[in-house]
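A quick write-up on the structure given underneath.
Nothing in this text is a laboratory measurement; each read-out follows from the coordinates by a stated rule. Quick caveat: nothing in here was measured; it's all calculated off a predicted structure. In this analysis, Cβ positions are derived from the backbone assuming ideal geometry, glycine residues included, and neighbour counts consider all displayed protein chains.
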Amino acid sequence: MIEVRELTKRYGATTAVDALTFTVRPGLVTGFLGPNGSGKSTTLRMVLGLHAPTSGSVTVDGRPFTDRPRGLRHVGALLDAGDVHGGRTARAHLAVLARSNRIPLSRVDEVLEEVGLAGAAGRRIGGYSLGMRQRLGIAGALLGDPPVLLFDEPLNGLDPEGVKWVRGLFRRLAAEGRTVFVSSHLMTEMEHTADELIVIGRGALIAAESLTEFAARGRRLSVTVGTPDRAGLTALLLGEGAEVEEEAGVLTVTGLSAARIGELALEHRVLLDQLTTRTASLEEAFMELTADSVEYLAGDAR
């Protein structure tokens, strides 16, 4: 379990993380979402003790991660797939990690096999593709067989088969009772994988809830209406308290059902040639919730 309490990080006058409080529970895949620059990577680095918080606290299974001398046995993490020595082979890279954490060297070949790199274990990492480096980073996270795993944008560079494999891996790890925390800036990456979501923007918490609860935010119905008398129908709909937008010759209406719009059109003898109900997607709900954060941070460093 990861527990974050009033976690804050400032760099001079810039607040990168602003009083975050949330819990990441075992047995679930928790997605960590936010626009680029929202503070996700800074938060993950504070979880691992790589950055010291300005205030607040973060613990892993009740203790700061820095209190654990053999860290890979407790937390496995992939923060930057490119942060490896390109001149080493994959096997040599993992062997160094294993020795420094007193992990049996036999575990190196096990994780290389698990991530699909057994055949490339003797190649220098500098010749790896981004997708292969991502797989190597995942192997490093799995090396100590830890109960807690953190991944920062793990799907970058993976082909469709790799994406499918990673999603399955996360589900399996969670089913084993591990805590799995996965950051992303794309809702589409998480909607088929995550059980719970932590959503932040401008370093502050926006939502901490199940995927089902978050999905309900995207169930705002709108109705697409086509009519030769757009001005007349718009006046009728506004009179009923609806919101109406016109684009490309059709009306998008929120606040009224398709049935009620049809009744009004019939009552006032307005011809309709289109009447379609649509539901906002999870991606649209995410974009709407974080829109201000994207605009605010567009020119800032992450």
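Data table
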quantity	calculated
Shape of the chain, Cα gyration tensor, a/c cut at 1.5	prolate
Simple spin-label estimate for MET1 and LYS164 in nanometres, 7 Å along Cα-Cβ	3.7 nm
Centre separation in Å (Cα based) which lies between the stretch 225-275 and the stretch 86-140	60 Å
Largest-first ellipsoid semi-axes for the stretch 104-144, taking √(5λ) over the Cα gyration tensor eigenvalues, angstrom	16, 11, 8
Under-5 Å amide H pairs with LEU221, H placed in peptide plane, nonlocal only	none
